[in-house]
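A short write-up of the structure that comes next.
The values are calculated or read from the model by the stated rules, or taken from the named source; none is laboratory data. As the structure is a prediction and not an experimental result, all values here were calculated from the model. For neighbour counting, all protein chains shown are included, and Cβ atoms are generated from backbone atoms with ideal geometry for every residue, glycine included. All accessible areas refer to the heavy atoms of the entire protein, side chains included, with ligands and DNA or RNA removed. Shrake-Rupley method; radii C 1.70, N 1.55, O 1.52, S 1.80 Å.
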Amino acid sequence: MKRLGIMAALPQELGDLIAQMQAAGDVRTVTLGRREYYVGTAHGVAAVVTLARIGKVAAAATASALIHVFEADAIVFTGVAGGVHARVQVGDVVVADTLMQHDLDASPLFPRYEVPLLGRARFDADPALADALAAAARAFIAEEGAALGERFAVAAPRVHRGLVVSGDRFVASHDALFALRDALPDALAVEMEGAAIAQVCYEHGVPCAVVRTVSDSADAAAPASFSEFLAALAATYSSGILSRFLRAAA
Ligand code: ADE
(Lines give C-alpha, C1' and ligand atoms only; values in the text may rest on other atoms or scores of the structure.)
Protein backbone atom coordinates (compact mmCIF):
# COMPACT_ATOMS: atom_id res chain seq x y z
CA MET A 1 0.00 0.00 0.00
CA LYS A 2 1.50 3.33 -1.08
CA ARG A 3 -0.98 5.70 0.56
CA LEU A 4 -4.20 4.84 2.40
CA GLY A 5 -7.20 7.14 2.03
CA ILE A 6 -9.19 7.43 5.26
CA MET A 7 -12.60 9.05 5.13
CA ALA A 8 -15.50 9.83 7.43
CA ALA A 9 -18.57 12.02 7.04
CA LEU A 10 -18.38 14.01 10.28
CA PRO A 11 -15.48 15.07 12.55
CA GLN A 12 -16.57 12.84 15.47
CA GLU A 13 -16.32 9.84 13.15
CA LEU A 14 -12.58 10.40 12.66
CA GLY A 15 -11.87 10.49 16.38
CA ASP A 16 -8.42 11.79 17.21
CA LEU A 17 -6.83 10.73 13.93
CA ILE A 18 -5.85 14.16 12.58
CA ALA A 19 -4.47 15.20 15.98
CA GLN A 20 -2.46 11.96 16.07
CA MET A 21 -1.03 12.66 12.62
CA GLN A 22 -0.09 16.21 13.60
CA ALA A 23 1.57 15.00 16.81
CA ALA A 24 3.51 12.33 14.90
CA GLY A 25 5.09 14.64 12.33
CA ASP A 26 4.57 16.90 9.36
CA VAL A 27 1.05 17.02 7.97
CA ARG A 28 0.39 18.81 4.69
CA THR A 29 -3.13 20.28 4.47
CA VAL A 30 -4.62 20.69 1.00
CA THR A 31 -7.98 22.38 0.39
CA LEU A 32 -9.85 21.08 -2.63
CA GLY A 33 -13.57 21.11 -3.46
CA ARG A 34 -14.39 22.74 -0.09
CA ARG A 35 -12.68 19.93 1.80
CA GLU A 36 -9.41 19.68 3.71
CA TYR A 37 -7.18 16.72 2.96
CA TYR A 38 -4.52 15.93 5.57
CA VAL A 39 -1.52 14.17 4.05
CA GLY A 40 0.95 12.56 6.45
CA THR A 41 1.51 9.46 8.55
CA ALA A 42 -1.23 7.92 10.70
CA HIS A 43 0.00 5.41 13.32
CA GLY A 44 2.92 4.55 11.03
CA VAL A 45 0.91 4.30 7.79
CA ALA A 46 1.26 6.80 4.92
CA ALA A 47 -2.23 8.26 4.74
CA VAL A 48 -4.47 11.01 3.44
CA VAL A 49 -7.38 11.76 5.76
CA THR A 50 -10.47 13.80 4.97
CA LEU A 51 -14.08 14.52 5.88
CA ALA A 52 -16.43 13.80 3.00
CA ARG A 53 -19.51 15.34 4.63
CA ILE A 54 -22.84 13.53 4.38
CA GLY A 55 -24.39 11.75 1.39
CA LYS A 56 -23.51 9.71 -1.66
CA VAL A 57 -22.49 12.59 -3.93
CA ALA A 58 -20.14 14.00 -1.30
CA ALA A 59 -18.68 10.55 -0.68
CA ALA A 60 -18.18 9.74 -4.38
CA ALA A 61 -16.55 13.10 -5.12
CA THR A 62 -14.21 12.71 -2.16
CA ALA A 63 -13.27 9.12 -3.02
CA SER A 64 -12.53 10.22 -6.56
CA ALA A 65 -10.24 13.01 -5.35
CA LEU A 66 -8.48 10.62 -2.96
CA ILE A 67 -7.70 8.30 -5.86
CA HIS A 68 -6.85 10.81 -8.60
CA VAL A 69 -5.36 13.78 -6.78
CA PHE A 70 -3.88 12.17 -3.65
CA GLU A 71 -2.93 8.82 -5.19
CA ALA A 72 -4.65 6.73 -2.53
CA ASP A 73 -4.33 3.09 -3.53
CA ALA A 74 -6.79 1.85 -0.90
CA ILE A 75 -9.66 3.57 0.94
CA VAL A 76 -11.19 2.97 4.36
CA PHE A 77 -14.37 4.66 5.55
CA THR A 78 -15.21 4.92 9.24
CA GLY A 79 -18.38 6.21 10.87
CA VAL A 80 -21.76 5.45 12.37
CA ALA A 81 -24.84 3.75 10.91
CA GLY A 82 -28.38 2.83 11.77
CA GLY A 83 -28.99 -0.81 12.70
CA VAL A 84 -31.40 -2.51 10.28
CA HIS A 85 -31.23 -6.22 11.04
CA ALA A 86 -33.00 -7.27 14.25
CA ARG A 87 -29.79 -8.73 15.68
CA VAL A 88 -27.79 -5.51 15.21
CA GLN A 89 -27.85 -3.33 18.35
CA VAL A 90 -26.70 0.18 19.22
CA GLY A 91 -23.02 -0.05 20.13
CA ASP A 92 -22.32 -2.99 17.81
CA VAL A 93 -19.84 -2.64 14.94
CA VAL A 94 -20.67 -3.60 11.36
CA VAL A 95 -17.89 -4.27 8.84
CA ALA A 96 -19.21 -4.37 5.28
CA ASP A 97 -18.52 -7.42 3.12
CA THR A 98 -20.65 -5.90 0.38
CA LEU A 99 -22.52 -2.63 -0.16
CA MET A 100 -25.43 -1.37 -2.24
CA GLN A 101 -27.58 1.72 -2.75
CA HIS A 102 -31.01 1.03 -1.29
CA ASP A 103 -32.51 4.11 -2.97
CA LEU A 104 -31.29 3.46 -6.52
CA ASP A 105 -34.17 2.48 -8.80
CA ALA A 106 -34.02 2.93 -12.59
CA SER A 107 -36.70 0.27 -13.11
CA PRO A 108 -38.23 -0.71 -15.45
CA LEU A 109 -35.23 0.30 -17.57
CA PHE A 110 -32.84 -1.64 -15.30
CA PRO A 111 -33.45 -4.00 -12.40
CA ARG A 112 -34.15 -2.21 -9.13
CA TYR A 113 -30.88 -1.34 -7.27
CA GLU A 114 -28.67 -2.06 -10.31
CA VAL A 115 -26.25 0.74 -11.21
CA PRO A 116 -27.26 1.41 -14.82
CA LEU A 117 -24.69 0.35 -17.41
CA LEU A 118 -22.42 -1.13 -14.77
CA GLY A 119 -24.50 -4.29 -14.59
CA ARG A 120 -24.36 -4.77 -10.84
CA ALA A 121 -26.06 -3.63 -7.65
CA ARG A 122 -23.63 -4.87 -5.00
CA PHE A 123 -20.00 -3.84 -4.63
CA ASP A 124 -17.71 -5.94 -2.48
CA ALA A 125 -15.33 -4.62 0.12
CA ASP A 126 -11.75 -5.82 -0.13
CA PRO A 127 -11.68 -9.02 1.97
CA ALA A 128 -8.23 -8.42 3.50
CA LEU A 129 -9.04 -4.83 4.51
CA ALA A 130 -12.45 -5.91 5.89
CA ASP A 131 -10.82 -8.74 7.86
CA ALA A 132 -8.26 -6.32 9.30
CA LEU A 133 -10.97 -3.81 10.30
CA ALA A 134 -13.04 -6.57 11.93
CA ALA A 135 -9.99 -7.79 13.85
CA ALA A 136 -9.30 -4.23 15.03
CA ALA A 137 -12.95 -3.79 16.08
CA ARG A 138 -12.90 -7.08 18.01
CA ALA A 139 -9.68 -6.08 19.77
CA PHE A 140 -11.11 -2.65 20.63
CA ILE A 141 -14.25 -4.21 22.12
CA ALA A 142 -12.27 -6.84 24.03
CA GLU A 143 -9.96 -4.21 25.53
CA GLU A 144 -12.31 -1.23 25.99
CA GLY A 145 -15.82 -2.66 25.64
CA ALA A 146 -16.54 -2.85 29.36
CA ALA A 147 -15.97 0.88 29.79
CA LEU A 148 -18.38 1.71 26.95
CA GLY A 149 -21.39 0.42 28.89
CA GLU A 150 -20.71 2.90 31.66
CA ARG A 151 -20.95 5.90 29.30
CA PHE A 152 -23.91 4.82 27.16
CA ALA A 153 -26.48 2.03 27.16
CA VAL A 154 -24.12 -0.23 25.24
CA ALA A 155 -24.01 -3.79 26.51
CA ALA A 156 -21.65 -6.49 25.21
CA PRO A 157 -21.06 -4.98 21.76
CA ARG A 158 -20.60 -7.41 18.88
CA VAL A 159 -18.91 -7.23 15.47
CA HIS A 160 -21.04 -8.18 12.44
CA ARG A 161 -20.02 -8.80 8.83
CA GLY A 162 -22.32 -8.54 5.81
CA LEU A 163 -24.42 -6.16 3.73
CA VAL A 164 -24.38 -2.42 4.44
CA VAL A 165 -26.88 -0.32 2.47
CA SER A 166 -26.53 3.35 1.59
CA GLY A 167 -28.96 6.03 0.49
CA ASP A 168 -29.50 9.78 0.57
CA ARG A 169 -31.96 9.50 3.43
CA PHE A 170 -31.68 9.38 7.22
CA VAL A 171 -33.88 6.39 8.10
CA ALA A 172 -35.87 7.33 11.18
CA SER A 173 -39.28 5.69 11.24
CA HIS A 174 -40.74 2.27 11.91
CA ASP A 175 -42.27 2.21 8.41
CA ALA A 176 -39.05 3.14 6.61
CA LEU A 177 -37.08 0.62 8.66
CA PHE A 178 -39.48 -2.23 7.98
CA ALA A 179 -39.68 -1.34 4.28
CA LEU A 180 -35.87 -1.69 4.18
CA ARG A 181 -35.97 -5.00 6.08
CA ASP A 182 -38.65 -6.36 3.73
CA ALA A 183 -36.86 -5.26 0.57
CA LEU A 184 -33.36 -6.30 1.68
CA PRO A 185 -33.61 -8.94 4.42
CA ASP A 186 -29.84 -9.41 4.60
CA ALA A 187 -29.12 -5.71 5.23
CA LEU A 188 -27.32 -5.24 8.55
CA ALA A 189 -27.01 -1.46 8.69
CA VAL A 190 -27.96 1.70 6.80
CA GLU A 191 -25.86 4.79 6.22
CA MET A 192 -25.42 7.48 3.56
CA GLU A 193 -21.99 7.04 1.93
CA GLY A 194 -20.50 3.54 1.83
CA ALA A 195 -21.96 2.15 -1.40
CA ALA A 196 -20.97 5.30 -3.29
CA ILE A 197 -17.35 4.85 -2.25
CA ALA A 198 -17.47 1.13 -3.02
CA GLN A 199 -18.75 1.90 -6.53
CA VAL A 200 -16.06 4.49 -7.25
CA CYS A 201 -13.40 2.12 -5.93
CA TYR A 202 -14.77 -0.74 -8.05
CA GLU A 203 -14.68 1.45 -11.15
CA HIS A 204 -11.02 2.27 -10.52
CA GLY A 205 -9.84 -1.09 -9.20
CA VAL A 206 -8.99 0.39 -5.78
CA PRO A 207 -9.58 -1.82 -2.70
CA CYS A 208 -11.88 -0.33 -0.10
CA ALA A 209 -13.56 -1.20 3.19
CA VAL A 210 -16.22 0.32 5.44
CA VAL A 211 -16.53 0.04 9.22
CA ARG A 212 -19.61 1.41 10.98
CA THR A 213 -20.56 1.69 14.62
CA VAL A 214 -24.30 1.44 15.21
CA SER A 215 -25.52 4.75 16.63
CA ASP A 216 -29.26 4.15 16.40
CA SER A 217 -31.89 1.64 15.32
CA ALA A 218 -33.19 3.59 12.28
CA ASP A 219 -36.57 4.06 13.98
CA ALA A 220 -38.41 7.04 15.45
CA ALA A 221 -35.81 7.26 18.24
CA ALA A 222 -32.98 7.47 15.69
CA PRO A 223 -32.44 11.27 15.61
CA ALA A 224 -31.95 11.48 19.39
CA SER A 225 -29.95 8.26 19.59
CA PHE A 226 -27.73 9.35 16.67
CA SER A 227 -26.99 12.76 18.24
CA GLU A 228 -26.26 11.30 21.67
CA PHE A 229 -24.06 8.55 20.29
CA LEU A 230 -22.17 10.99 18.09
CA ALA A 231 -21.47 13.24 21.08
CA ALA A 232 -20.67 10.47 23.57
CA LEU A 233 -19.04 7.56 21.76
CA ALA A 234 -18.47 7.84 18.00
CA ALA A 235 -14.97 9.28 18.42
CA THR A 236 -14.02 6.64 21.04
CA TYR A 237 -15.00 3.82 18.69
CA SER A 238 -13.33 5.35 15.62
CA SER A 239 -10.09 6.15 17.46
CA GLY A 240 -10.04 2.71 19.08
CA ILE A 241 -10.68 0.82 15.86
CA LEU A 242 -8.54 2.95 13.52
CA SER A 243 -5.51 3.03 15.81
CA ARG A 244 -5.49 -0.78 16.08
CA PHE A 245 -6.14 -1.24 12.35
CA LEU A 246 -3.33 1.18 11.38
CA ARG A 247 -0.77 -0.15 13.86
CA ALA A 248 -1.38 -3.68 12.53
CA ALA A 249 -0.92 -2.42 8.94
CA ALA A 250 2.23 -0.36 9.63
N1 ADE B 1 -26.31 6.98 9.89
C2 ADE B 1 -26.49 6.75 11.20
N3 ADE B 1 -27.78 6.42 11.44
C4 ADE B 1 -28.42 6.47 10.26
C5 ADE B 1 -29.76 6.25 9.87
N6 ADE B 1 -30.70 5.93 10.76
N7 ADE B 1 -30.08 6.39 8.55
C8 ADE B 1 -29.13 6.73 7.65
N9 ADE B 1 -27.85 6.96 7.98
C10 ADE B 1 -27.49 6.82 9.27
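Being assigned to a helix (DSSP H, G or I), open to solvent by 10 Å² or more (accessible area, probe 1.4 Å) and in contact with a helix residue (DSSP H, G or I) (Cβ under 6 Å, 6 or more places away or on another chain) is a property that L230 has. If you go through the range 183-205 and pick out every residue that is within 16 Å of the ligand (Cβ to nearest atom) and of a type in the set (D, E, K, R), you end up with 2. When the range 151-182 is filtered for residues that are open to solvent by 40 Å² or more (accessible area, probe 1.4 Å), in contact (Cβ under 8 Å) with a residue 12 or more places away in the chain and either within 16 Å of the ligand (Cβ to nearest atom) or more than 15 Å from A209 (Cα to Cα) (or both), the ones remaining, listed by number, are R151, A153, A155, R158, D168, R169, F170, S173, H174, R181. Among the criteria (1) in contact (Cβ under 8 Å) with a residue 12 or more places away in the chain; (2) surrounded by fewer than 24 Cβ atoms within 10 Å (Cβ to Cβ); (3) closer than 26 Å to D16 by Cβ, the one V211 does not fulfil is (2). Taking (1) assigned to a strand (DSSP E or B); (2) among the β-branched types (V, I, T); (3) open to solvent by 60 Å² or more (accessible area, probe 1.4 Å) in turn, V95 satisfies each apart from (3).
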